[in-house]
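Presented below is the structure to which this report refers.
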Amino acid sequence: MNAAVLAHPNEMPKLGGGTTPEMTSEYILETRGLTKEFKGFTAVNHVDLKVRRGTIHALIGPNGAGKTTCFNLITKFLQPTAGSIHYNERDITRAQPHAVARMGLVRSFQISAVFPHLTVLENVRVALQRSLGTSFHFWRSERSIDVVDARAHELLADVGVDEYAQLPAVELPYGRKRALEIATTLALDPEMLLLDEPMAGMGAEDIKRTAGLIRRVAKSRTVLMVEHNLSVVADLSDQLTVLARGEVLAEGTYAEVSKNPQVVEAYMGTGGDGGHG
């Protein structure tokens with residue numbers, strides 16, 4: 001990652017969705033003392049993370065910072081060594097991935113598989129049938145499947161790929177395939193969406209299009225994302241948490257974090273854009 005980017009944050013309007021009035025806590029997700037050890041190596045060390053409801057929150061850090069491990073702990077692909085995870089004031093520390101997904105905490109690009117030889121429309125239709133509990137009703141009439149088509153087309157339009165509805169998913173351009181993955185995730189109607197490096201491997205045009213999509217998605221839900229592209233983070237995020245060597249190094253807005261000498265030093269020490277961590 002380039003430390004120069006940190007020194008020149010983009011001035012963008014604050015983004016984020018609405019709140020859920022029935023919830024008493026302003027934080028939809030909290031980790032308390034979250035720790036993960038691997039055979040004596042501590043990848044995540046007593047991380048306290050608070051994600052405010054209705055915001056876009058970015059989790060960033062140099063290579064080896066513990067971002068991916070932290071994300072895997074939150075989405076329940078790993079169990080913590082110590083600490084706890086709370087979603088909507090409910091302790092989900094020992095819950096299974098499918099259970100937290102049913103609660104409305106859904107990880108995009110991991111849970112949402114795209115079937116390459118189904119059409120774009122069929123992919124979203126399968127996701128909608130899964131959310132409605134009709135996935136295995138193959139013996140029913142085609143009319144029972146068509147009832148989800150209107151919603152499927154709405155989702156495809158929301159992510160900008162409705163014109164590709166009849167195209168096999170394998171033939172979609174890379175950036176549009178990522179948009180389809182978001183559409184299949186949105187079919188599960190998540191309250192909180194976790195995006196794992198949503199811009200990875202994209203060119204400038206696809207990055208711009210996907211950033212606009214994330215803005216629209218965040219109008220009605222909370223987003224937590226791991227992202228290496230700091231320009232994207234500057235444009236999109238309401239709040240950032242910076243990890244280094246498994247610990248929280250800094251928190252705040254992009255403007256605040258980018259002026260933190262420890263953050264600048266951490267990025268300068270990586271020798272460029274970091275990889276997974």
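The values are calculated or read from the model by the stated rules, or taken from the named source; none is laboratory data. Since the structure is predicted, the reported quantities are computational estimates derived from the model, not experimental observations. All Cβ positions, glycine included, derive from the backbone under ideal geometry; neighbour counts span all protein chains shown.
For region 7-21, indicate whether the set of residues that are modelled with pLDDT of 85 or more and surrounded by fewer than 20 Cβ atoms within 10 Å (Cβ to Cβ) is non-empty. Steps first, answer last, please.
Just the residues of region 7-21 that are modelled with pLDDT of 85 or more, to begin with: none.
Scanning region 7-21, I find no residue that is modelled with pLDDT of 85 or more and surrounded by fewer than 20 Cβ atoms within 10 Å (Cβ to Cβ), so the answer is no.
Name the residues in region 155-175 that are at pLDDT 90 or above and either among the basic types (Lys, Arg) or within 21 Å of the chain's Cα centre (by Cα) (or both), would you?
First pass over region 155-175, keeping only residues at pLDDT 90 or above: 155-157, 161-172.
Answer for region 155-175, where residues must be at pLDDT 90 or above and either among the basic types (Lys, Arg) or within 21 Å of the chain's Cα centre (by Cα) (or both): 155, 156, 157, 161.
Output the residues belonging to region 164-196 that are among the acidic types (Asp, Glu) and over 21 Å from residue 71 (Cβ atoms). Hits for region 164-196 are 171, 189.
Kindly evaluate residue 126 against the criterion of being at pLDDT below 90 and in a helix (DSSP H, G or I). Yes; evaluated as a whole, the condition is true for this residue. Restricted to region 197-222, and to residues there that are closer than 17 Å to residue 71 by Cβ and touching an Asp or Glu at 6+ places or on another chain (Cβ under 9 Å), the residue that is surrounded by the most Cβ atoms within 10 Å (Cβ to Cβ) is 222. Checking region 56-79 against the condition returns no match, with no residue being surrounded by fewer than 17 Cβ atoms within 10 Å (Cβ to Cβ) and outside any loop (DSSP other than H, G, I, E, B).
Within region 36-61, the set of residues being closer than 13 Å to residue 248 by Cα and touching a Gly at 6+ places or on another chain (Cβ under 8 Å) comprises 43, 44, 45, 46, 47, 48, 61. Looking across region 225-260, just one residue is on the phi > 0 side of the Ramachandran plot and either touching an Asp or Glu at 6+ places or on another chain (Cβ under 8 Å) or crowded, with 22+ Cβ neighbours inside 10 Å (or both), and that is 246.
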